[in-house]
Structures are given as structure tokens and as C-alpha cells.
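The values are calculated or read from the model by the stated rules, or taken from the named source; none is laboratory data. Worth saying up front: this structure is predicted, and the values here are computed from it rather than measured. Neighbour counts run over all protein chains shown; Cβ positions are idealised from the backbone, glycine included.
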Amino acid sequence: MRKYGLIIIAGICLAVLVFGHLHWKNISQAAGGEAREAAAKVKEKEKEEREALIQSLKPEQNKQQPLIDYLHYKSLTQERVIVSLLGSNGTSGTGASNSSNSWVGRLEKSLRADRDDLETLSFINHGHEGYTTVDLLEGKKVEAVIQDNPDLIILESSLINNHYQSLSLEQTKKDLERIMTKLQKELPNAKILIISPNPVANSKTENSLGMNYLDYIQASEQVIKSNKWAYMNSKEEIEKKLKEKNMRLADILTNDNIHPNDQGHYIWFEVMQEYFN
């Protein structure tokens, strides 16, 4: 009898183990199903939020959209975001101790850090030291920008070199129109921002044509305004920053009194960053 009793007890224990295992298996499966369902709901919610964000950032619905939001929209709707820069010394980084200390290098790093989605952002720099507006056209630099197929173009107008190399004001205006016509025709969906070069010492010094640097700024602004192109006067904005910081122009220029040093490039970067936002 004792033997049979042990067998019965063993059977009961085995049944308990089997049913217990099945019970916990059912609980685990249920929990797993609930977890998958919860994860699917979270994923669906994230998808809906992303789509809502994309809709809110559509350029067509935001005519005065900050450039940072425009780039954010592009990053959400395509794999790569490209910013092409075209210009002369200021864009190439002349005066900065290295490319990362130039306003271009600082701006690229800042934009990437500002939004996680902008990690795919790429800057392609077509700034060339000593180039005038004529050189940009004849050197096929505009075509190089077109080949980039960028989402945003920053065109620095090369006015310092136009002034020092005594290109006429009419030639300067005509060149800007030719550059913009080419870019707008070949890249109709790209945004284009024109910026002036930096302030220089002796901006009222006349060249062989009897024109000073300010004359070139004013002439370029005439054609920009008449065509309603997006524009930022870097010279004036940098000068405003200097006044705010109680600094002299000489503090931010290299020994040639023309090109910005590291501090000058940093202030230029601050101006650009504020414009983007």
C-alpha cells in the first residue's frame, strides 16, 4: 500500500508540474502578445507623429520657414541633405587657423548637433580664394554646384575681390544675375541664400574705377532686391555683433585687415546660426 501511495503522490506532483508549466506558458504567451501589441501601438504612434511633423514642416505651407526647419523637413523625407557653398575667400575659410574654425565648418557642426535627424547633412564647399564673380562663372564653379544637386545653396557674392580687382558695378550685377539664373533653372527645388562678404578695414578706399567696397555692397543689393532673392548682409550683421560685444573690427581681422581670423569666423558663424534659426 505504501508503494502505491508513493506512486500516487509522484503522479500528483508530475501533474502539478505539467499543469504549472502549461499555465506559465499560457501566461508568458499572453504577456508576449500584449507586449507585441503594445510595441505595435508605440510604433504606430511614432509613425503618426513623424507624419504629422513632416506635414507641419512642408515648405509649401511655410513660406517664411527658418532654414533649420527646411533642412529638418528634407532630412525626414530623403536619405541625404546637401548644402553647397559657392563664393570666394570668406567661404573657403581664408584667415581661419583650420577648416573646422571657419564659419562654414562651425555651422555644419552646429546644424548636425542641433537636430538628430541632421546627422546625414553634408556641406560641399566651392569657395575659392581670390575668385571674383567672373571667376565663379568662367571657372565652371556654378556647374560644380549644380552637379551636387543640393537642397540649399549659400552664395557668398565675392564682392571683396570684385572691388580689389576693379570689376565694374555693372559687371558685378550682371554676373550675379547670370549665376542665379543658372542655379534657379537647373535646381528649381533648391533654396538659395545670397550673403555678402565680411566687413573689411578701409571699406571706403577706392579702386582704379573710383569705387569703394560699400559701392559694391549697394550695387549687389539693388539687383538682389529687384529680383526678391533671399539675402543676408553679413557685413552689417557682423558689425552689429561687434558693437554688442564692444569689440573693434581690427580684433577679428588678420594682419591684412581683410580676412577674418578665428574670432572673426566665429562671429560670422554666430550671425549665420541666428539666421538659420
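How many of the residues making up the stretch 256-273 are under 15 Å from I160 (Cβ atoms), touching a helix residue (DSSP H, G or I) at 6+ places or on another chain (Cβ under 8 Å), not hydrophobic (A, V, I, L, M, F, W, C) and not in a helix (DSSP H, G or I)?
3
For the stretch 168-188, does any single residue satisfy the condition of being in a loop (DSSP other than H, G, I, E, B), farther than 19 Å from V134 by Cα and of a type in the set (S, T, N, Q)?
no
Within the stretch 134-160, track down each residue that is more than 19 Å from the chain's Cα centre (by Cα) and crowded, with 24+ Cβ neighbours inside 10 Å.
L136, S158, L159, I160
Could you tell me whether the stretch 78-100 includes any residue that is at pLDDT below 95 and of a type in the set (D, E)?
yes
Which ones in the stretch 90-109 are closer than 23 Å to H72 by Cα, of a type in the set (G, A, S) and surrounded by fewer than 16 Cβ atoms within 10 Å (Cβ to Cβ)?
Passing the criteria: only S100.
Results for (1) at pLDDT below 95; (2) out of contact with any Lys or Arg (no Cβ under 6 Å at 6 or more places or on another chain); (3) among the basic types (K, R), shown as yes or no for each residue.
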site: G139; (1), (2), (3): no, yes, no
site: V142; (1), (2), (3): no, no, no
site: I146; (1), (2), (3): no, yes, no
site: I154; (1), (2), (3): no, yes, no
site: N161; (1), (2), (3): no, yes, no
site: Y164; (1), (2), (3): no, yes, no
site: S168; (1), (2), (3): no, yes, no
site: K174; (1), (2), (3): no, yes, yes
site: I179; (1), (2), (3): no, yes, no
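Would the stretch 233-255 turn up any residue that is in a loop (DSSP other than H, G, I, E, B) and touching an Asp or Glu at 6+ places or on another chain (Cβ under 7 Å)?
The answer is no, given that none of the residues of the stretch 233-255 is in a loop (DSSP other than H, G, I, E, B) and touching an Asp or Glu at 6+ places or on another chain (Cβ under 7 Å).
Based on this model, can you work out whether I54 counts as outside any loop (DSSP other than H, G, I, E, B), farther than 30 Å from I267 by Cβ, modelled with pLDDT of 80 or more and of a type in the set (A, V, I, L, M)?
yes
If only one of E186, E221, E274 is exposed (fewer than 13 other Cβ atoms within 10 Å of the Cβ), of a type in the set (D, E) and more than 20 Å from T94 (Cβ to Cβ), which one is it?
E274
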